[in-house]
Amino acid sequence: MGRPQVPIEVDDASGVWSVDGLPMILVPRHFLVNNHLAIEAALGAAKYAALLFEAGRRSAYTWCEHEARTRGLKDIEVFHHYLKRLSQRGWGQFAAESLEPATGRARVTVANSVFVLAQDVLGQHGSVPRATCYMFRGWFAGALEFVGAQRGKRIVLASEEIECAAAGRQDRCVFQIAPAA
């Protein structure tokens, strides 16, 4: 099996990179993680996680809306396509372990999360006492909220990282998505 190919288009005039018709920016992993950790330190993990949740939710919903329209994807195809594309872009390997689109419940796993791999570089893998991959939480909620909207149902979802590989007790991170209280 060959590596999955993601077509990148580069506009000769502007230098803008695009994938699936959406503008992209390619940056080294350490650049993204160092910025992430600096913002977390300045704001505090809880406040930063809340901000990322809302931004991630909106972004995932918008991306899924674009892909559904562009590719003619429906229902859970959109969610699976979203996880596939995330997996192809260096964030980690994402998989839906369980998915109940009618209720908005899901369990998503992430192996080789960019944030766990960063802990390896920092020499902290296995010793981090908290979840480090919280940036992904809003992504899953937004993508599943879009699936609900396609079904004619407005749902508001919450998402929590219930296991993080950075703590060293497992080889993957696990997220649970469910209707918000």
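This table checks each residue for (1) surrounded by 14 or more Cβ atoms within 10 Å (Cβ to Cβ); (2) of a type outside the set (Gly, Ala, Ser); (3) modelled with pLDDT of 95 or more; (4) in contact with a Lys or Arg (Cβ under 7 Å, 6 or more places away or on another chain).
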position	(1), (2), (3), (4)
ALA143	yes, no, yes, no
PHE146	yes, yes, yes, no
GLU161	yes, yes, yes, yes
CYS164	yes, yes, no, no
GLY168	yes, no, no, no
ASP171	no, yes, no, no
ALA178	yes, no, yes, yes
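Just the residues that are in contact (Cβ under 8 Å) with a residue 40 or more places away in the chain and more than 29 Å from ASN35 (Cβ to Cβ), please, taken from the stretch 79-98. The answer is GLU97, and nothing else. From the set of residues in the stretch 14-71 that are surrounded by 15 or more Cβ atoms within 10 Å (Cβ to Cβ) and of a type in the set (Asp, Glu), which is nearest to PHE146 (Cα to Cα)? Looking at residues that are surrounded by 15 or more Cβ atoms within 10 Å (Cβ to Cβ) and of a type in the set (Asp, Glu), I get GLU65.
If you check ALA96, ALA45, ALA50, ALA68 for being at pLDDT below 95, closer than 20 Å to GLY138 by Cβ and out of contact with any Cys (no Cβ under 6 Å at 6 or more places or on another chain), only one passes: ALA45. Mind telling me which of the residues ARG71, ARG154 ends up being of a type in the set (Lys, Arg) and either closer than 20 Å to PRO23 by Cβ or in contact (Cβ under 8 Å) with a residue 12 or more places away in the chain (or both)? Being of a type in the set (Lys, Arg) and either closer than 20 Å to PRO23 by Cβ or in contact (Cβ under 8 Å) with a residue 12 or more places away in the chain (or both) holds for just one of ARG71, ARG154, which is ARG71. With (1) in contact with a Phe, Trp or Tyr (Cβ under 8 Å, 6 or more places away or on another chain); (2) among the basic types (Lys, Arg); (3) not in a helix (DSSP H, G or I) as the list, and LYS74 as the residue in question, which single condition is left unmet? LYS74 satisfies all of (1) in contact with a Phe, Trp or Tyr (Cβ under 8 Å, 6 or more places away or on another chain); (2) among the basic types (Lys, Arg); (3) not in a helix (DSSP H, G or I) except (1).
A quick yes/no check of all residues on (1) touching a helix residue (DSSP H, G or I) at 6+ places or on another chain (Cβ under 9 Å); (2) in a helix (DSSP H, G or I):
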position	(1), (2)
ALA49	yes, yes
ARG57	yes, yes
TRP63	yes, yes
THR70	no, yes
VAL78	yes, yes
LYS84	no, yes
GLY90	yes, no
ALA96	yes, no
LEU99	yes, no
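Determine, yes or no, whether ALA158 is within 20 Å of LEU51 (Cβ to Cβ) and not in a strand (DSSP E or B). No, not satisfied.
Scanning the stretch 21-66 for residues that are under 17 Å from TRP91 (Cα atoms) and among the acidic types (Asp, Glu) gives no hits.
Does any residue of the stretch 115-135 turn out to be β-branched (Val, Ile, Thr) and at pLDDT 95 or above? Walk me through it before giving the result.
At the first step, the residues of the stretch 115-135 found to be β-branched (Val, Ile, Thr) are 116, 121, 128, 132.
Remaining after also requiring at pLDDT 95 or above: none.
No, because not a single residue in the stretch 115-135 is β-branched (Val, Ile, Thr) and at pLDDT 95 or above.
Exactly one residue out of ALA166, ALA141 is in contact with a helix residue (DSSP H, G or I) (Cβ under 6 Å, 6 or more places away or on another chain), farther than 27 Å from ALA181 by Cα and in contact (Cβ under 8 Å) with a residue 12 or more places away in the chain, and it is ALA166. The lone criterion from (1) more than 25 Å from PRO28 (Cα to Cα); (2) in contact (Cβ under 8 Å) with a residue 40 or more places away in the chain; (3) among the small types (Gly, Ala, Ser); (4) not in a strand (DSSP E or B) left unmet by ALA131 is number (1).
The values are calculated or read from the model by the stated rules, or taken from the named source; none is laboratory data. Just so it is clear, the structure is predicted and the values come from calculations on it, not from any experiment. All Cβ positions, glycine included, derive from the backbone under ideal geometry; neighbour counts span all protein chains shown.
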